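Read through the structure below, which is laid out as structure tokens, and then see the notes.
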Amino acid sequence: MRTHDRLRIAIQKSGRLSDPARDLLARAGLGFRESRDRLFCYGESLPIDLLLVRDDDIPGLIAEGTCDLGVVGQNVLEEQALEREASGQPEAFRAIRELGFGRCRLSVAVPNDWDWPGPARLEGTRLATSYPQLLARWLRNQGVTAEPVVLSGSVEIAPRLGKAEAICDLVSTGATLLANQLKETAVVFESQAVLVAPAQPFGDARAELAAMLLRRLDAVLSVRA
Ligand code: ATP
Ligand code: ZN
């Protein structure tokens, strides 16, 4: 059993959100002792520990109570929230602060030589994506029927492989699209990193710790803004 007199925060182990997340926590005054396997970092300055994981695992870790807070992209969080909703599971986590880094957008991109009269152009096409829920919601709002082809990576090469006609993928600079002869035509979802917490408030010592951490984070975030 976990004792609940310490707070456990999940952040991405290695990737785009790792350094900015660690930097933010350091600015809030948190210091950690690195363990040899680098999966768990013991909080030295405060009773707040870190768990280093894949970003996609963070909402689930909060939902099951393994971690108390997390830093994750809104794209991952909202996709998994919609997935839970679609399968009848209750709301288990929510974003409590926007963190201002990890900005990107989930966009539809089509082959360079396509005309783009608008989203209706996608009617009846196959769209490769790692975000089927966010894409489906957008397609519904646009009144377009298309077939999502779910791929966990290398979405941008799907059109060249004949797996899909177009894609819906994360974009920040657009360099990857350019390299794959694709052009961005519509933004499906705008994202940045957020602090995520359980939907239910903590009923023990973690409430105090979380409140203190939030006060410190708010001070850091207000200086940055
Ligand atoms: P993991 O091994 O943790 O699953 P990953 O490959 O899913 O890693 P990254 O590529 O590091 O993760 O992206 C993590 C998050 O960074 C994304 O979910 C998104 O919120 C954000 N991000 C910002 N810009 C981009 C971008 N250009 N492409 C992809 N993700 C981006
Ligand atoms: Zn991931």
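The values are calculated or read from the model by the stated rules, or taken from the named source; none is laboratory data. Because the structure is predicted, anything quoted here is derived from the model rather than measured. Ideal geometry is used to build each Cβ from the backbone, glycine not excepted, and the neighbour counts take in all protein chains shown.
Data for the structure
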quantity: Qualifying positions in the stretch 9-18 - touching a Leu at 6+ places or on another chain (Cβ under 6 Å) and within 9 Å of ligand 1 (Cβ to nearest atom); calculated: Lys13
quantity: Tally of residues being without any contact (Cβ under 8 Å) to a residue 12 or more places away in the chain and either within 11 Å of ligand 1 (Cβ to nearest atom) or outside the structural domain of Arg215 (by TED's automatic domain parsing) (or both) across the stretch 19-40; calculated: 1
quantity: Where a residue in the stretch 74-93 is under 17 Å from Gln192 (Cα atoms) and its partner, wherever it lies, is within 16 Å of ligand 1 (Cβ to nearest atom) and of a type in the set (Gly, Ala, Ser), with Cβ under 7 Å and at least six apart; calculated: Gln74/Ala95; Gln74/Ser191; Asn75/Ser191; Leu77/Ala95
quantity: Hits in the stretch 47-65 (condition: touching a residue at least 60 places away in the same chain (Cβ under 8 Å) and either under 15 Å from Phe202 (Cα atoms) or in contact with an Asp or Glu (Cβ under 7 Å, 6 or more places away or on another chain) (or both)); calculated: Pro47, Ile48, Ile62, Ala63, Gly65
quantity: Boolean, Gly15 is more than 15 Å from ligand 2 (Cβ to nearest atom) and at pLDDT 95 or above; calculated: no
quantity: Enumerated strands (runs of 3 or more DSSP E) restricted to the stretch 41-109, each holding at least 2 residues that are more than 16 Å from ligand 1 (Cβ to nearest atom) and buried (at least 16 other Cβ atoms within 10 Å of the Cβ); calculated: 48-53
quantity: For Glu91: the one exception among (1) among the acidic types (Asp, Glu); (2) closer than 23 Å to Val188 by Cβ; (3) touching a Phe, Trp or Tyr at 6+ places or on another chain (Cβ under 9 Å); calculated: (3)
quantity: Where Val144 falls short, out of the listed (1) more than 16 Å from ligand 2 (Cβ to nearest atom); (2) part of a helix (DSSP H, G or I); (3) not acidic (Asp, Glu); calculated: (2)
quantity: Lone unmet requirement of (1) farther than 30 Å from Pro20 by Cα; (2) assigned to a loop (DSSP other than H, G, I, E, B) for Arg121; calculated: (2)
quantity: Near pairs, Cβ below 7 angstrom, 6+ apart or cross-chain, from the stretch 198-223 (more than 16 Å from Arg94 (Cα to Cα) and in contact (Cβ under 8 Å) with a residue 24 or more places away in the chain) to any residue that is assigned to a helix (DSSP H, G or I) and basic (Lys, Arg); calculated: Val220/Arg27
quantity: Hey, Glu44 among the charged types (D, E, K, R) and farther than 21 Å from Arg216 by Cα or not; calculated: no
